[in-house]
Every structure is written in C-alpha cells, then in structure tokens.
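Comments concern the structure below.
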Amino acid sequence: MIITVINPNTTWDMTAAIELSALAVAGPDTVIRAVSPTMGPASIESHYDEALAVPGLLAEIAGGEELGSDGYVIACFGDPGLDAARELAGGPVVGIAEAAMHAASFLGRRFSVVTTLERTVGRAWDLAEHYGMRRFCANVHACDIPVLELDTDPYAIKRVTDACAAALEQDGSDAIVLGCAGMSSWCGQIGEEIGAPVVDGVTAAVLQVQSLVTMGLYTGDRGEFAPPPPKPYAGVLSDFALPVTE
C-alpha cells in the first residue's frame, strides 16, 4: 500500500518532520510518500495562502495517481483543497483536521483545539461545523506562534503545552486536538505533561487512510465527486486542464 502524505506548503523541513510522524504509525506493508508542492506559500496562515496552495497540492495528487498511490493525506489543519483532491484521486483522501476531530470525538464528550495564529481560529470552527463536530468541539485556542516559528522558537513547545493545559481547565474538555501539522512530533510529550489524550491529525489521517484502503473503500464518484468535466484552462493554469477520457 502506498500513501502519499502531502504537506501543502513548500517548507521541506516541515515535510520531513511530518514524514517521521506518518512512518511511526504506518503498517509494515505501507509505504509513505511525503511530498511538498514545488509552488505555493512557505506556510499556510490565511485564506490567501490556502487558495494559492491548492494548485500545487492538486499537482501532487496528479503525480501520486501516476505513481500508483492508494490513498492520500492532506497534512495542513485547514484541509485545503480536500474536495477537489477527492475528485482527482482514485483512492481515499483524508484531511488532518477531519481525521483529528473525528478521532477526538471517540475519546470523550468534548475536545479543544489548540492552533497557531488567532486569525486561523475561525477556519477551525468552520471545519468543525462542516464535519459535524461542532457539538464535540468545546473551543478553539490560538498560541499566536507563526507556523514557521514552531521549529525555530525554543519556547514554542512550552507555549503550546501551556495552552493545551489551560484549554483543558478552561473548557472542561477530555482531549486536545493539535491544530497544525508542524506540532505533530510533540503529541506524545504534550500528552504526558498535561495528563490527557492529545490527538495529532497526521497520524490520525494516515491510520484512517490505511484502514479505508485495507477495506477496499474509496471516494464515491457517482455524483459530486466524479472526475471534473474536461475544459480549457487559460494562462498559468493551462497545464491543469484535464484530458478527455473515454
């Protein structure tokens, strides 16, 4: 089984860390392909970033299809381009926010999300609503740490851990969802320090895709998620026009 894990930003150091988290839970017969687009933003912290990350993400989906990938993980907590990716992929596609929220809903009555910048809080709430997780999500908290500083700020993990502990106390939650793929490697350490389940979306999504592929399941394509109808694309997006298929 081949699972392509796509970090939709272009920061390869983060992709390498995401790969380690994915490999930690992959089965013995699962091959992890961790990739980043060759174009797009260095981090995704705004609607503008997210929109411009999607073409590169979709190019990686197309590349994965050519290489025979069985399923895909979108390793950004905004789950950018998820619906479009499902139209292109032959196998299942799971976003890390989607996977993490569903996993956390199994662990107690309510969970709290701890994310990076305050400006991304609204997006997390939108996703909780979209995925039917709104009744499980007690609150969303921001650490106000830029994504790229998660690797460079020596106090970042302490700030995130403190925010997780405060969220449990303030919200009365049973579990924490980490709201950034860049926090993935900290999951176990934070869980030990706060004494509560901490869910990382990268590992949750890899295991979900692995399970769906094992069960022989894929995105239904009889309606909305059928392959997009071919048509011309102009300008810099001309290469994204889909070929006519029989």
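Computed from the coordinates by the stated procedures, all read-outs in this text should not be read as laboratory data. Everything quoted here is computed from the prediction, not taken from an experiment. Please note: Cβ atoms are built from the backbone with ideal geometry, for glycine as well, and neighbour counts cover all protein chains shown.
As a footprinting exposure proxy, order 231, 158 by other Cβ within 10 Å, with the fewest listed first. Write out the running numbers ahead of the final one.
Working: 231 8, 158 11.
With the fewest neighbours first, 231, 158 line up as 231, 158.
May I ask you to sort 215, 14 by Cβ crowding, counting other Cβ atoms within 10 Å and putting the fewest first? Kindly include the intermediate steps, with their values, before the conclusion.
Details: 215 9, 14 25.
Lowest to highest Cβ neighbour count: 215, 14.
Check which residues have an amide H placed less than 5 Å from residue 33's amide H, if you skip close sequence neighbours.
Counting only residues 5 or more places away or on other chains, the set is 3, 4, 5.
Show the residues, 5+ positions off or on another chain, whose built amide H is closer than 5 Å to the amide H of residue 198.
Answer set, sorted by chain and number: 176.
Are there any GluC sites (Glu not before Pro) in the range 18-94 that are in a DSSP loop and have at most 12 other Cβ atoms within 10 Å? List them by number. Intermediate results must be reported in sequence, preceding the final value.
On the way: sites: 19, 45, 50, 60, 65, 66, 87; in loops: 45.
When the GluC sites (Glu not before Pro) of the range 18-94 are filtered for loop state and at most 12 Cβ neighbours within 10 Å, nothing remains.
Could you size up the charge dipole of the range 97-200 around its Cα centre, putting +1 on the beta carbon of Lys and Arg and -1 on that of Asp and Glu, and report it in debye to the nearest 20? Display every interim value, and only then the final one.
Working: 8 positive and 15 negative charges, 72 e Å.
That gives a dipole near 340 debye.
Which cross-chain or sequence-distant (5 or more) residues have an amide H under 5 Å from the amide H of residue 45, H modelled 1.01 Å from N in plane?
Under 5 Å from the amide H of residue 45 lie the amide H atoms of 50, each far enough along the sequence or on another chain.
Applying the Karplus parametrisation 6.51 cos²θ - 1.76 cosθ + 1.60 with θ = phi - 60° to the phi angles of the range 16-24, what ³J(HN,Hα) value in whole Hz is obtained for each residue in order, glycine and proline being reported as x?
Karplus-based 3J(HN,Hα) across the range 16-24 equals 5, 5, 4, 4, 4, 5, 5, 5, 5 Hz.
Compute the distance from the alpha-carbon center of the range 1-33 to that of the range 127-144, in whole Å.
25 Å
Under 10 Å, Cα contacts only: if you run a Gaussian network model on the chain, which one of 104, 75, 24 comes out with the highest mean-square fluctuation?
Highest fluctuation of the listed residues: 24.
What 222 nm value per residue comes from the helices of the chain, counting each DSSP H run with n ≥ 4 as -39,500 (n - 2.57) and dividing by all residues, nearest 500 deg cm²/dmol?
On the way: 8 runs with 99 residues, N = 246.
Using -39500 (n - 2.57) per qualifying helix, the result is -12500 deg cm²/dmol.
Return 113, 25 ranked ascending by Cβ neighbour count within 10 Å, so the fewest neighbours appear first.
Values: 113 32, 25 16.
The order, fewest Cβ neighbours first, is 25, 113.
Mind listing the phi-derived Karplus ³J(HN,Hα) values for the range 166-182, rounded to whole Hz, using 6.51, -1.76 and 1.60 with θ = phi - 60°, and x for any glycine or proline?
With the stated coefficients, the range 166-182 comes to 5, 5, 4, 5, 5, 8, x, 7, 9, 8, 10, 10, 7, x, 6, 4, x Hz.
List the trypsin sites (Lys or Arg not before Pro) in the range 57-137 that DSSP assigns to loop (not H, G, I, E or B) and whose Cβ has at most 11 other Cβ atoms within 10 Å. Which are they? Kindly include the intermediate steps, with their values, before the conclusion.
Values: sites: 86, 109, 110, 119, 123, 134, 135; in loops: 109, 110, 134, 135.
When the trypsin sites (Lys or Arg not before Pro) of the range 57-137 are filtered for loop state and at most 11 Cβ neighbours within 10 Å, 135 remain.
Considering the convex hull of the alpha carbon atoms of the chain, report its projected area averaged over all viewing directions, in nm², one decimal. Show your work: numbers first, answer last.
Working: hull surface 52.9 nm².
Answer in nm², one decimal: 13.2.
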